[in-house]
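Only one structure is covered here, and it is reproduced in the block below.
Only the coordinates and a few stated rules stand behind these numbers; no lab work does. This one's a predicted model, so the numbers in the text were calculated from it and none came from an experiment. Here the Cβ positions follow ideal geometry from the backbone for every residue, glycine too, while neighbour counts run over all protein chains shown.
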Amino acid sequence: MNRKFAENVGALRFFGTLVSAVVLFEMVLAQALAAPAPVAASIDHPSSREICPAGTRLVEGVHYEYVQRICTSWRIGHCYSFLPDLMAVEPVATPVHVCMDEHEWPNREGEKPRVMIRFVEAEQACAQIGKRLCTEFEWELACEGPDTRPWPYGHSFDKDACNSSKEFMPYNEDKLNAEEKRIREVETFRVYQGEPSGSRPRCQSQFGVKDLVGNVEEWVSTSRSAWRFRSSLKGGYWAKPWAHCRGTNDSHGPQFRYYETGFRCCADPAISSTAPDKTQAP
């Protein structure tokens, strides 16, 4: 490459990043200025406690449909690192209060997650134990945590944190779609590279939910109206290193199943209330 041309390309890339940073900063500033000032007041309200079933974690906060960040490491069409502490959030804002399974189905630490499961089968499995599939927005908030991290563990990709950097293994599509169950199972076993749930301690969100990124791809109920199916997939799998908390696989309908598709369940928390307390509002 011509040296002068290379310098110009580098300058353009820098300028583009600088412009993006300025625009993002303006968005963050505008949001801060638009936020209503807190008003102190004495309020009576009952003390309440949200109770989650055993094996689940309470995920609560506000999910924003769109998050803007500055990418600091772009490789082969994907971002592998984002600038910390600088982002802008955009509507729609959705409050989330949900109990989410700590592990992928069957939600047992040390056991490998199940795959080759259809969305409708996942719905039924959750319903049979008094739960439901998590929504797309619930899943993203659980993954990002209260600090809205791109990965459960931080702002830069770490190939060892989650099971997402295995070598891709070519598969036989005819065998995976065979009518005979045994043929499907043998081919799935051959290409399966999932790991026992909870075996990577760093692959845990701030809410304590594990293996949201990598391991197996998880069915969720679609939240975004732009997607064509009521079924979506989140989190990537063992051979998708660019997977992080955002990004939805919206390509497959409720009857789809494959060698890497699994799920986890969610439940609405039970509320335990006591006598009213008098507290100072923030």
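Amide H contacts of Ser231 (H built 1.01 Å from N, in plane; Pro and chain starts excluded): Thr222 sit under 5 Å, all sequence-distant by 5 or more or on other chains.
For the pair Lys166 and Val186, a Förster radius of 22 Å applied to the C-beta separation gives a FRET efficiency near 0.65, rounded to the nearest 0.05. Region 46-90 and region 162-199 have Cα centres spaced 29 Å apart.
Does region 139-277 come out rounded, prolate or oblate, given a ≥ b ≥ c as the square roots of the eigenvalues of its C-alpha gyration tensor, rounded meaning a/c under 1.5 and, failing that, prolate meaning a/b above b/c? Here region 139-277 falls in the prolate category.
For Ile70, the amide hydrogen comes within under 5 Å of the amide hydrogens of Leu83, counting only partners 5 or more places away or on other chains and with H modelled in the peptide plane.
Annotation for Leu83 and His97: the two label points, set 7 Å from Cα along the Cα-Cβ direction, are 3.7 nm apart. Residues in region 112-123 carry Karplus couplings, in order, of 6, x, 6, 9, 6, 10, 7, 4, 5, 5, 5, 4 Hz; the curve used is 6.51 cos²θ - 1.76 cosθ + 1.60 with θ = phi - 60°, and Gly or Pro positions show x. In plain terms, the chain from Tyr66 to Arg108 could stretch by 11.9 nm, reckoned as 0.36 nm per residue minus the Cα-Cα distance.
Restricting region 169-252 to GluC sites (Glu not before Pro) that sit in a DSSP loop and have at most 14 other Cβ atoms within 10 Å of their own Cβ leaves Glu179, Glu180.
For the pairs Lys131/Lys181; Lys181/Lys210; Lys210/Lys240; Lys112/Lys166, flag any whose C-alpha to C-alpha distance is greater than 19 Å.
Exceeds cut-off: Lys131/Lys181; Lys181/Lys210.
Straightening the chain between Arg224 and Ala270 buys 13.9 nm, computed as 0.36 nm per residue apart minus the Cα-Cα spacing.
Distance from the alpha carbon centroid of region 205-235 to that of region 238-262 works out to 8 angstrom.
With a simple spin-label model that places each label point 7 Å from the Cα along the Cα-to-Cβ direction, the separation between Asp174 and Ile129 comes to 3.8 nm.
Here the Karplus curve 6.51 cos²θ - 1.76 cosθ + 1.60, taken at θ = phi - 60°, turns the phi angles of region 71-82 into couplings of 7, 10, 8, 10, 9, 6, x, 9, 9, 10, 7, 10 Hz, with x standing for Gly and Pro.
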